[in-house]
Amino acid sequence: MARVVVDVMPKAEILDPQGQAIVGALGRLGFSGIADVRQGKRFELEVDDDVDDAALERIAEELLANTVIENFNVSRVAE
């Protein structure tokens, strides 16, 4: 078995209201120096060793990310 991580983030040109809310909250809590926050999603998949990278890319593109507004990155994690 292998562990695969898929990180999904809003594209740079897409407004991120959750990230903006976090920046505002950080300021109200007394944390300074934080200019921007982008909130995304992280998926961890346990897959058989014979699942190839092309299949993982397809899973991320078709199911885990909305590619109109999000970018994704697929990486295998060494254990």
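The values are calculated or read from the model by the stated rules, or taken from the named source; none is laboratory data. Computed from a prediction, not measured in an experiment: that's the story for all the values here. Neighbour counts are summed over all protein chains in view; Cβ atoms, including those assigned to glycine, are modelled from backbone coordinates with ideal geometry. With ligands, DNA and RNA removed, areas are computed over all heavy atoms of the protein, side chains included. Shrake-Rupley method; radii C 1.70, N 1.55, O 1.52, S 1.80 Å.
In region 46-62, the residues that are closer than 18 Å to GLU79 by Cα form Cβ pairs under 9 Å with partners that are of a type in the set (A, V, I, L, M) and open to solvent by 90 Å² or more (accessible area, probe 1.4 Å), at six or more places apart or across chains, as follows: GLU46/MET1; VAL47/MET1; ASP48/MET1; ASP49/MET1. Scanning region 37-68 for residues that are open to solvent by 70 Å² or more (accessible area, probe 1.4 Å), in a loop (DSSP other than H, G, I, E, B), under 30 Å from ALA21 (Cα atoms) and not basic (Lys, Arg) gives GLN39, ASN66, VAL68. If the condition is being of a type in the set (A, V, I, L, M, F, W, C), open to solvent by 90 Å² or more (accessible area, probe 1.4 Å) and over 19 Å from PHE72 (Cα atoms), then region 2-36 contributes LEU29, PHE31, ALA35. Count of region 15-50 residues, restricted to those that are in contact with a helix residue (DSSP H, G or I) (Cβ under 9 Å, 6 or more places away or on another chain) and among the β-branched types (Val, Ile, Thr), is 3.
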